[in-house]
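Below you'll find the structure, written out as structure tokens, and then a few comments.
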Amino acid sequence: MFLDQGQWSKKTVGLSLLLMTLYSYHAWSYTFLNDDAYISFRYAAHWVDFGELSYNLGERTEGYTNFLWVALLALGYLLGGDIPQLSLYLSIGLAMCAVLGSALYSSSLEHDAQRKVPRVLMTLSLLALSPSFACWSTGGLEVQLFTTCYSLAFILSVRAWQTQELVSRSLRQKLLGGGWAGLALALASMARPEGLLLFAVLGFYRILKLLQTRAWLKSCDYGAIIGFSVIYLPYFIWRYQYYGYIFPNTYYAKVGASGFWAPGIRYVAEFLVFQPWLLIALGLMAYAKMTNKEVSENVNQSRTQNLWLIALLAGLAHCIHVARVGGDFMALHRFLVPLLPLAAIFASKFLLYAPRSTKPSLDRFEQIEDEEHKKQKQLGKDLNQTFLNKALVLRLGFLISLGVMSVFIHKDANRIGSRNGVDSIGWLRQFAEQCATTGQFIQQHTEPQVKLATTAAGALPFYAQRYTLDLLGLNDEWIAHHVPAHGHRPGHTKAAPFRYPIDQKVDLLIYHPSFSKRASRPSSRMKRALNPFGYEWQSYQVPQLQPKWWNVWVKKGIKVDDSLP
């Protein structure tokens, strides 16, 4: 059961609100919009304005992997919202739902009423102090939508299996339990392709359990299959007919390169270092198993049976997948954030119950009636209270240490630069702002038929509202399917050949946007290569751009004119 009304004391409510406020402040302190997010924004805007779910009008290319996020943004835009701002508010709102839902679910696993409140507060604290979770509560991407769907799908799936074993539940209730789980899994798979990985892991585990008992599929399993199929199959058929490929274009743009395991493993390892509470909880769990100490919730086994084993299997599969693709080039581990709510629920159990195995037992005093033994019993109680006070101090000190660590990580993440091929949040924020300002300049000072070519396929094209050739191929079918992969930067393994944008009659060859404090000169090599094709190096002062000069290759005869409206 969740906390009942009597357990929500003023102190509990106050501490919960304080932790939620801390989380909100932590998240807003990272506030930024990532350049890649604007790719989804462009698809959403085109869907509403022109009825095409496309990057460039007239070209059906699936350059996104977050359909559910694009659909939500499109709905908000249709209702009059500003897409970039809407993405921030949606992300924060979904993240708060994930935080509160995780805290309440962790309390539902607890049988001892006196331990429900500490369980809630510990779960809230771990998520509120997590730099990765706070950072990627913003950014404009689908991270928190997928996190919420992922956690919900996992919890509903486990509960459906548990409900199946209860004789008191009707066939209809068991079918509905599985149906809701299947629906959540379908939504997770439409938010990110990794939702299908969770579906596969849960399905594999379920089949193994059924084989162990020599049983066939049960009511909840049929419900899950129906719930998933009713939503996901029509979506899959539609997108295959619309785009013509089984996988999104981004998949074809990213496959083929090798050498990703090393940076991928480093990425996962750094994530664990940034969440030390998870490592400690795993260590305490291992210690409890080896020493046969009691660290369980001591609850009805139908609610927690194999819960942590399934969670560990799902988390391990997700980490292996992320490591295999090389991690990410963005700081603070957005691809692993979806694991954090379940990890916090798991960790709160072991972090709170770690001292329980060594707590002085009072059992030997229970039958003592004489005065001497009553004194010993009181002494035992005093020792027990001293132990609990020390445990409380230890936990508070641990949480304070997490807070201090979060401050240092925040400062480092907001610097402007890159390390080991990973761009800091400060750099991502600055680059997106520069591209947005430049895109607005292009929209105001060029003709609508002007064509762009750039590796920065997000904010600049979104605000420029011009046809854009994505030189990395995420939104270009030919590059994704015909250019060999190379390099070791995740998501950047293919690029257009030199002649491709020229043959496509691009007017502004932007490549990677060039910004400088003063008008710059091109390299002699690029000048020799592009001048014969009619491209000239131009520099423009862009209002509100920092630094103020934007440098670009412009086709002869194309005007970037300040006099245009």
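Relative to the longest principal axis of the Cα atoms of the chain, the long axis of helix 113-128 makes an angle of roughly 20 degrees. From least to most packed, judged by other beta carbons within 10 angstrom and beginning with the fewest, K527, K11 follow the order K11, K527. Taking the longest Cα principal axis of the chain as reference, the axis of helix 10-28 is set at about 20 degrees.
Amide H to amide H distances under 5 Å link M330 with D423, where only residues 5 or more positions off or on other chains count and H is placed in the peptide plane. With R₀ fixed at 22 Å, the C-beta to C-beta distance from S9 to D112 puts the FRET efficiency at about 0.85. Under 1.5 on a/c is rounded, so check that first for region 13-251, then, if it is not, pick prolate when a/b is larger than b/c and oblate when it is not; a ≥ b ≥ c are the square roots of the alpha carbon gyration tensor eigenvalues. In terms of gyration-tensor shape, oblate. Here's how it looks for D35: its modeled amide H is under 5 Å from those of A432, which are all 5 or more places away or on a different chain.
Each residue, L309 and A391, gets one label point 7 Å from its Cα in the Cβ direction; the gap between the two is 2.7 nm. With the simple spin-label model, which puts each label point 7 Å out from Cα in the Cβ direction, the W549 to S29 separation comes to 3.8 nm. The order of R172, R115, going from fewest to most other C-beta atoms within 10 Å of their C-beta, is R172, R115.
For region 425-507, the set of trypsin sites (Lys or Arg not before Pro) satisfying both a DSSP loop assignment and a count of at most 11 other C-beta atoms within 10 Å is given as K505. From helices alone, the chain scores -19500 deg cm²/dmol at 222 nm; the rule is -39500 (n - 2.57) for each run of n ≥ 4 DSSP H residues, then divide by the residue total.
From the alpha carbon centroid of region 443-483 to that of region 199-217 is 47 Å. Using the Cβ-Cβ distance between L217 and R172 with R0 set to 22 Å, the FRET efficiency works out to roughly 0.85. Label-to-label distance, D561 versus I416, with points set 7 angstrom from Cα along the beta-carbon direction: 3.4 nm.
An ellipsoid equivalent to region 1-110, defined through the eigenvalues of its Cα gyration tensor, has semi-axes of 38, 15, 12 Å when rounded to whole angstrom and sorted largest first.
Among the listed values [x] 154; [y] 182; [z] 163, the one computed from these coordinates for volume of the Cα convex hull per residue in Å³ is [y].
The relative contact order of the chain, computed from alpha carbon pairs under 8 Å that lie at least 6 residues apart in sequence, is 16 percent.
Shown in residue order for region 54-68 are the 3J(HN,Hα) couplings computed by the Karplus curve 6.51 cos²θ - 1.76 cosθ + 1.60 at θ = phi - 60°: 9, 7, 10, 4, x, 10, 8, 10, 8, x, 9, 10, 9, 3, 4 Hz (x for Gly and Pro). Can you give the FRET efficiency to the nearest 0.05 for V255 and R525, using r as the Cβ-Cβ distance and R₀ = 30 Å? Calculated transfer efficiency: 0.45. Going by Cα centres, region 234-286 and region 491-511 are how many Å apart? Cα centroid of region 234-286 versus Cα centroid of region 491-511: 28 Å apart.
The value given for region 57-184 is a Kirkwood hydrodynamic radius of 17.0 Å, derived from the mean inverse Cα-Cα separation. Every Cα-Cα pair in region 168-244 was counted, and those over 18 Å apart are 46% of them. Along region 493-500 the Karplus relation, 6.51 cos²θ - 1.76 cosθ + 1.60 evaluated at θ = phi - 60°, assigns HN-Hα couplings of 9, 10, 8, 5, x, 3, 7, 4 Hz to successive residues, with x for each Gly and Pro. Axis of helix 340-353 versus longest Cα principal axis of the chain: the two differ by about 30°, to the nearest ten degrees. The fewest-to-most ranking of W69, W47 by surrounding Cβ atoms within 10 Å reads W47, W69.
The HN-Hα couplings worked out from phi for region 138-143 by the Karplus form 6.51 cos²θ - 1.76 cosθ + 1.60 (θ = phi - 60°) are 10, x, x, 8, 7, 4 Hz, whole numbers, x standing for Gly and Pro. The convex hull defined by the C-alpha atoms of region 425-555 has an orientation-averaged projected area of 8.3 nm².
FYI, it's all coordinate maths here, none of it is from the lab. The structure displayed is predicted, hence computed values, not measured ones. Reconstructed Cβ throughout: ideal geometry from the backbone, glycine too, with neighbour counts over all protein chains shown.
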